[in-house]
């Protein structure tokens, strides 16, 4: 499989790390980016080929991964259009947040073999998760190829409706920030109760990592796992009762809905801007 990456930033580098010499040889991966330092690192680490602008190697690719900033996508699509061989029907995979498939297709002159993805930042350590949706012009073989590529950095979740990408963005795309926010609160509480900053950090991080792994490995719902460590009248009960009284769960649900709504707004804005 020959893969061209348009953009060589962090997320592209994470995908390349998972793909090079595993799914395909590093020499079969071509990276386009104006940053010479980023290209030099990728060449040295993974043996990929590189260029500062789209070239003939992009035309020869089976898959073109668009890993650029959303606001740059209309310009990038215009530059890319002459290099997409409609007769060969390469798969275009977009990991740009907020860019709808219909808008990207329009910017690519009506091209339809597009898969839209929403990965998250734990992909940088091979522990991401990606929501994915295929436009009608994508073949079964191309769907498998897209899945193989994104699975290089973690599991994938396929959607039957592109509108659901906004929910994925709210839950998992933005989700790491919510986790970091809660860890920050745990660290602050630890220090205010007399523990050192180092102790608070160690306890909070290990607790989060351990609880997440326990939930992942268990066949039981997380609600039951929570109940098992919540003895009525105990310390955990006191903490959760305080959170419920403060509306913490309702606030979290409302926050995710706000993120999803903003995702839809961004799709409207980015589509109109192009």
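The values are calculated or read from the model by the stated rules, or taken from the named source; none is laboratory data. Just so you know, these numbers come straight off a predicted model, no measurement behind them. Please note: Cβ atoms are built from the backbone with ideal geometry, for glycine as well, and neighbour counts cover all protein chains shown.
Is one or more of the residues making up segment 11-27 in a strand (DSSP E or B) and under 17 Å from residue 72 (Cβ atoms)? Write out each step before concluding.
At the first step, the residues of segment 11-27 found to be in a strand (DSSP E or B) are 20, 24.
Still in the running and under 17 Å from residue 72 (Cβ atoms): none.
Within segment 11-27, not a single residue is in a strand (DSSP E or B) and under 17 Å from residue 72 (Cβ atoms).
Among the residues of segment 212-230, is any within 28 Å of residue 104 (Cβ to Cβ) and without any contact (Cβ under 8 Å) to a residue 12 or more places away in the chain? No: zero hits.
For residue 151, are the conditions met, namely being within 30 Å of residue 62 (Cα to Cα) and in contact with a strand residue (DSSP E or B) (Cβ under 9 Å, 6 or more places away or on another chain)? When the stated conditions are applied, residue 151 passes them. Residue-level check: of (1) assigned to a helix (DSSP H, G or I); (2) loosely packed, with under 14 Cβ neighbours inside 10 Å; (3) in contact with a strand residue (DSSP E or B) (Cβ under 7 Å, 6 or more places away or on another chain), residue 53 misses just (1). Candidates 129, 114, 149: the one that is crowded, with 24+ Cβ neighbours inside 10 Å, in the same structural domain as residue 87 (by TED's automatic domain parsing) and without any contact (Cβ under 8 Å) to a residue 60 or more places away in the chain is 114. Across segment 81-105, the number of residues qualifying as in contact with a helix residue (DSSP H, G or I) (Cβ under 7 Å, 6 or more places away or on another chain) and farther than 27 Å from residue 170 by Cα comes to 2.
Considering each of 203, 195, 225 in turn, give the residue that is assigned to a loop (DSSP other than H, G, I, E, B), surrounded by 12 or more Cβ atoms within 10 Å (Cβ to Cβ) and touching a helix residue (DSSP H, G or I) at 6+ places or on another chain (Cβ under 9 Å). Outline the logic, then answer.
Numbers: 203 fails: assigned to a loop (DSSP other than H, G, I, E, B); 225 fails: assigned to a loop (DSSP other than H, G, I, E, B).
None of the others qualify; the one that does is 195.
What tally of residues in segment 8-28 results from selecting those that are in contact (Cβ under 8 Å) with a residue 60 or more places away in the chain, buried (at least 21 other Cβ atoms within 10 Å of the Cβ) and over 15 Å from the mean Cα position of the chain (by Cα)? The number of residues fulfilling the criteria is 1.
Mind checking whether some residue in segment 67-82 is modelled with pLDDT of 95 or more, part of a strand (DSSP E or B) and in the same structural domain as residue 156 (by TED's automatic domain parsing)? Checking segment 67-82: not a single residue is modelled with pLDDT of 95 or more, part of a strand (DSSP E or B) and in the same structural domain as residue 156 (by TED's automatic domain parsing).
Only one of these is over 20 Å from residue 180 (Cα atoms), part of a helix (DSSP H, G or I) and outside the structural domain of residue 117 (by TED's automatic domain parsing): 230, 236, 216. Name it. Explain how you work it out, then say what you get.
Details: 230 fails: part of a helix (DSSP H, G or I); 216 fails: over 20 Å from residue 180 (Cα atoms).
None of the others qualify; the one that does is 236.
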